[in-house]
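The values are calculated or read from the model by the stated rules, or taken from the named source; none is laboratory data. Just so you know, these numbers come straight off a predicted model, no measurement behind them. So basically every Cβ, Gly included, is an ideal-geometry build from the backbone, and we count neighbours across all protein chains shown. Heads up: the accessible areas ignore ligands, DNA and RNA and are worked out on the full protein's heavy atoms, side chains in. Shrake-Rupley method; radii C 1.70, N 1.55, O 1.52, S 1.80 Å.
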Amino acid sequence: MKLLYEKSQEGRRASSLPPRTLPVPSLPDELRRERPPRLPEISEPELVRHFTQLSTRTFGVDTGFYPLGSCTMKHNPRVNERVVNFSGFRDLHPLQEEDGAQGALELMWRLQEILAEVAGLPAVSLQPAAGSQGELTGLMLMRAHFAERGEADTRRKIVIPDTAHGTNPASVTMAGYEVTPVQTDARGNIDVDDLRTKVDEQTAGLMLTNPSTLGLFDENIEEIAAIFHGAGALMYYDGANLNAVCGISRPGDMGFDIVHFNLHKTFSQPHGGGGPGGGPIAVRDRLEPFLPVPAVVRDGDEFRYDYDRPKTIGKVRGYAGPFGVFVRSYAYIRSYGPRLREMSEVAVLNANYLLALLKDAYDLPFDRLCMHEFVLSARTLKRQHGITALDVAKRLMDYDFHPPTVYFPLNVPEALMIEPTETEAKETLDEFVEAMLEIVRDASERPELLKEAPHHRPVGRADEVKAAKRAVVRYLFEDHPDLSGDDSSRPRQLEAQKGA
Ligand SMILES: Cc1ncc(COP(=O)(O)O)c(C=O)c1O
């Protein structure tokens, strides 16, 4: 598909502007352009076709099943888009006086209250804009807590299991702490024996996703909490997998002291591709004084920002946080009401349904009931037929399914991490199972079909190493290399970049 620049014809226009009647402002010569900007010149029908074609080349949760493990790509109900577009929300300026923004403040306060209940922890800050920023904020709270106790210099270590998402060690490093890795045991829990050797008076805390990225609920969570609290350390809950436990079990009750939510995953917010997110955190009483400012508080029937928090770690994001995400998540939660646990129950049911139908065809590293997601391995397919997790993922695209997360978590070879979410119908799950089973049959009967997949997508099998190392992300006009031939020294990824 050609770029707009390649379709451009001099003098062609998509619209015409009324004749200019205002005087032309005079500009100093040094500020004037030497020549007009290089913009595509194109007619309106061509323009409309161009973007319509592009829209058909993409894939999203609105076009097909998207079982991308740990990312919780669920349906975003359209009513939430309507609500967020109410002019009272949409047109509100973040610096609007408080008495003119009572509705928005009340919504944020109510969302805080709900999140506190879901977490089982009393105090919430909505500010962080993503789970990863919630992690960093939580670690900054730990630091402030230990600084107040005169232990900031001694407590330097954060324990992280080998199943952790990459943002966990990254946040630890950014917060100035050191990572202490802990192993996973044969049942997929944290290895408690290994853990005991790692926790001491230098430990600031644990970061744990529960259920883990293996989709397994840690069976020893109370014992783990006792180990950390016994050593004077804190427990951080990475809430990326909260979709499995909402209204069923609460991180605060499990012993966690700090929790982040990924509003965009657990509740509602179109995300992916860097879209907007929300990463509020909930904490125990003793950490509340350190939370970012402003806090949203209620005084009788009025709502206001509270900046009067002398021990605060400060601001972690502009204004009060990503307000549009709050509106969508609040609308989503309110539409479930007290039935919120059904969301998690169906997410877990759907995942176990898929697991039951797939576990004999693929390797299952930890043979237990799963939570909202599970991890299979393509290890046997690779050993017997040379078919890797990547081949399985690419072939699934030919069935119009988004691939699962692959090669993560790192402790499972040839990992395929599958998260169906609660919003998929049984027929869709059955079609997915059929595709996964057919891939296993094809692996032995016609492996080349899998090796060359995808066959029916706008972009074929990209050379991912070359695409990463020699990405062509700029159009170079006259100097742009001709990438249409099969010269292997040229990046085959270009089509994707042109279409992006
Ligand atoms: C387990 C886990 N932790 C943390 C994160 C980071 O969350 P975010 O993408 O909102 O920054 C993710 C994201 O996928 C995750 O899966």
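Here is a check on your reading of the model: is residue 238 more than 11 Å from the ligand (Cβ to nearest atom), among the charged types (D, E, K, R) and open to solvent by less than 10 Å² (accessible area, probe 1.4 Å)? No: the conditions fail for residue 238.
Restricting 147, 233 to residues that are of a type in the set (A, V, I, L, M), under 21 Å from residue 315 (Cβ atoms) and away from the ligand (no atom under 16 Å from the Cβ) narrows the list to 147.
Going by what's in this entry, would residue 335 be described as farther than 23 Å from residue 133 by Cβ, open to solvent by 10 Å² or more (accessible area, probe 1.4 Å) and among the polar types (S, T, N, Q)?
Details: farther than 23 Å from residue 133 by Cβ: yes; open to solvent by 10 Å² or more (accessible area, probe 1.4 Å): yes; among the polar types (S, T, N, Q): yes.
Taking the combined requirement at face value, the residue satisfies it.
Look at residue 64 and say whether it is more than 16 Å from the ligand (Cβ to nearest atom), more than 27 Å from residue 334 (Cβ to Cβ), small (Gly, Ala, Ser) and in contact with an Asp or Glu (Cβ under 6 Å, 6 or more places away or on another chain).
Working: more than 16 Å from the ligand (Cβ to nearest atom): yes; more than 27 Å from residue 334 (Cβ to Cβ): yes; small (Gly, Ala, Ser): yes; in contact with an Asp or Glu (Cβ under 6 Å, 6 or more places away or on another chain): yes.
So residue 64 passes the test.
Would you tally the residues in the stretch 257-308 being assigned to a loop (DSSP other than H, G, I, E, B), within 14 Å of the ligand (Cβ to nearest atom) and under 27 Å from residue 228 (Cα atoms)? Going through the stretch 257-308 one residue at a time, the tally reaches 3. Among residues of the stretch 52-108 being touching a Phe, Trp or Tyr at 6+ places or on another chain (Cβ under 7 Å) and in a helix (DSSP H, G or I), the one that is farthest from residue 215 (Cα to Cα) is 98. Within the stretch 158-176, residues that are free of Cβ contacts under 8 Å to residues at least 60 places away in the same chain and in a loop (DSSP other than H, G, I, E, B) have Cβ atoms under 9 Å from residues that are of a type outside the set (Phe, Trp, Tyr) and within 11 Å of the ligand (Cβ to nearest atom) in these pairs: 175/135; 175/136, counting only partners at least 6 apart in sequence or on another chain.
Residue 215 falls short on exactly one of the conditions (1) assigned to a loop (DSSP other than H, G, I, E, B); (2) within 15 Å of the ligand (Cβ to nearest atom); (3) of a type in the set (Gly, Ala, Ser); (4) surrounded by fewer than 24 Cβ atoms within 10 Å (Cβ to Cβ), and that condition is (4).
Collect the residues in the stretch 432-457 that are free of Cβ contacts under 8 Å to residues at least 60 places away in the same chain, part of a helix (DSSP H, G or I) and not hydrophobic (A, V, I, L, M, F, W, C), keeping them in residue-number order.
Matches in the stretch 432-457: 434, 438, 441, 442, 445, 448.
Of the residues making up the stretch 55-100, those that are open to solvent by 70 Å² or more (accessible area, probe 1.4 Å) and in contact with a Ser or Thr (Cβ under 8 Å, 6 or more places away or on another chain) are 75, 79.
Scanning the stretch 109-143 for residues that are surrounded by fewer than 17 Cβ atoms within 10 Å (Cβ to Cβ) and either of a type in the set (D, E, K, R) or in contact with a Phe, Trp or Tyr (Cβ under 6 Å, 6 or more places away or on another chain) (or both) gives 113, 117. All of (1) more than 30 Å from residue 458 (Cα to Cα); (2) modelled with pLDDT under 95 hold for residue 61 with one exception: (1).
Here is a yes/no grid of residues against (1) within 16 Å of the ligand (Cβ to nearest atom); (2) touching an Asp or Glu at 6+ places or on another chain (Cβ under 9 Å):
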{"residue": "77", "(1), (2)": "no, no"}
{"residue": "86", "(1), (2)": "no, no"}
{"residue": "98", "(1), (2)": "no, yes"}
{"residue": "134", "(1), (2)": "yes, yes"}
{"residue": "140", "(1), (2)": "yes, no"}
{"residue": "143", "(1), (2)": "no, no"}
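For the stretch 150-163, filtered to residues that are over 25 Å from residue 315 (Cβ atoms) and hydrophobic (A, V, I, L, M, F, W, C), the residue that is farthest from the ligand (Cβ to nearest atom) is 159. Among all residues of the stretch 164-175, there is none that is open to solvent by 20 Å² or more (accessible area, probe 1.4 Å) and away from the ligand (no atom under 16 Å from the Cβ).
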